[in-house]
1. Mind counting the residues in the range 30-64 that are in contact (Cβ under 8 Å) with a residue 60 or more places away in the chain and in a helix (DSSP H, G or I)?
2. Answer yes if at least one residue in the range 114-124 is touching a strand residue (DSSP E or B) at 6+ places or on another chain (Cβ under 9 Å), touching a residue at least 40 places away in the same chain (Cβ under 8 Å) and either hydrophobic (A, V, I, L, M, F, W, C) or closer than 25 Å to residue 11 by Cα (or both), and no otherwise.
3. Evaluate the following for residue 131: is it surrounded by fewer than 19 Cβ atoms within 10 Å (Cβ to Cβ) and either at pLDDT below 95 or of a type outside the set (Val, Ile, Thr) (or both)?
4. How many of the residues making up the range 86-113 are crowded, with 18+ Cβ neighbours inside 10 Å, modelled with pLDDT of 95 or more, aliphatic (A, V, I, L, M) and not in a loop (DSSP other than H, G, I, E, B)?
5. Go through the range 114-139 and report how many residues are under 16 Å from the mean Cα position of the chain (by Cα) and part of a loop (DSSP other than H, G, I, E, B).
Amino acid sequence: MNEQLQQALLIAKTADVYTPESSVVLYSISYQSSDINKRKAMEFLQKNSDKMTLDDTECGKKLMALGLETGNENPDAELLKIWAIASERFIKAAKGNVVAFVDNADKRSTFVTVELPLILQNKNIITINGKNKEQFVKEITIK
């Protein structure tokens, strides 16, 4: 692993992922042909300044500053691992209600493999998109 990825791994494991209660916004673009979910999330954030994504935390900002943003169609496996570690910590620390832009999330995506299972385990997260977590899971489309 090169020096930049080692630095990123340390950031993902240790940098602050705190968000205020009911402020978490998620989006899923991994393995998709479009970044529409991210664009929708960004539009939502512009109208809701009290909300934030992982990218808006100290951890996310430091990873982004290293130029480690993942793409959508063919994401880099090493970068996905680093973001997955940060995402795990982000969801474990989350409380309240979550907003998720995850239409047609890929079964390999960080949302499906890391975030969603942790949301279901996190007793401090109450709803996703205003719905009971379990009901949300029944209604989403995963490809």
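1. Let us first name the residues in the range 30-64 that are in contact (Cβ under 8 Å) with a residue 60 or more places away in the chain, namely 30-32, 36-38, 40-41.
After this cut, where a residue has to be in a helix (DSSP H, G or I) as well, the list is 36-38, 40-41.
Of the residues in the range 30-64, 5 are in contact (Cβ under 8 Å) with a residue 60 or more places away in the chain and in a helix (DSSP H, G or I).
2. The answer is yes; a qualifying residue exists.
3. Working: surrounded by fewer than 19 Cβ atoms within 10 Å (Cβ to Cβ): yes; either at pLDDT below 95 or of a type outside the set (Val, Ile, Thr) (or both): yes.
Taking the combined requirement at face value, the residue satisfies it.
4. Qualifying residue count, the range 86-113: 5.
5. The number of residues fulfilling the criteria is 2.
The values are calculated or read from the model by the stated rules, or taken from the named source; none is laboratory data. Predicted model, so just to flag it, every value in this text is computed and none were measured. Virtual Cβ from ideal backbone geometry, glycine too; neighbours counted across all protein chains shown.
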